[in-house]
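Worksheet: one structure, shown below.
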Amino acid sequence: MIIYNVTIKVSKSIADNWMQWLKEEHIPEVTGTGCFTNANILQLLEIDDDEGPTYAIQYFAESREKYDFYIENFADLMREKSFQKWGDQFIAFRSVMKIVQ
């Protein structure tokens, strides 16, 4: 199992609307590609959230091939849609992990 983790710091001014969009539009669109079986939303704790909350969205892929297919065919479009909707009101970084046990 591969976990595609996207950590995002969101501006306070858009936090509620962004979360609604994430749950209702973005995650269903990403999982709808067929590359991921499900996703979890986590909020980071014990960090400075004066400028806004930080979340980790974890997408679960059954194989590295499915993750690679997503990156090659869908990732750029999904990132572009996010920037078109929210502009510079968020910062994201991504990591890929493998479940070992």
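A few comments on the model shown:
- Principal-axis tilt of helix 64-73 within the chain, Cα atoms, nearest 10 degrees: 60 degrees
- Of the GluC sites (Glu not before Pro) found in the stretch 1-92, those in coil by DSSP whose Cβ has at most 13 other Cβ atoms within 10 Å are 46, 51, 62.
- Annotation for residue 19 and residue 1: the two label points, set 7 Å from Cα along the Cα-Cβ direction, are 2.5 nm apart.
- Label-point gap, in nm, between residue 68 and residue 80 - each point 7 angstrom along Cα→Cβ: 2.4 nm
- Within the straight-line cut-off of under 18 Å between alpha carbons, the aspartates and glutamates reachable from residue 66 are 29, 76, sequence neighbours fewer than 8 places apart in one chain being disregarded.
- Distance (nanometres) between label positions extended 7 Å along Cα→Cβ at residue 33 and residue 89: 2.4 nm
- Here the stretch 1-100 was treated as a single set of alpha-carbon atoms; its pair distances binned every 10 Å from 0 give 15, 50, 29, 6 percent.
- 0 to 90° range, to nearest 10: angle between helix 75-86 axis and the chain longest Cα axis: 10 degrees
- Relative contact order for the chain: 49 percent, from Cα pairs under 8 Å spaced at least 6 residues apart, divided by residue count.
Bear in mind that the values in this text are calculations on the coordinates, not laboratory data. Not measured: the values here are computed from a predicted model. Here Cβ is always computed from backbone atoms with ideal geometry, including for glycine, and neighbour counts include all displayed protein chains.
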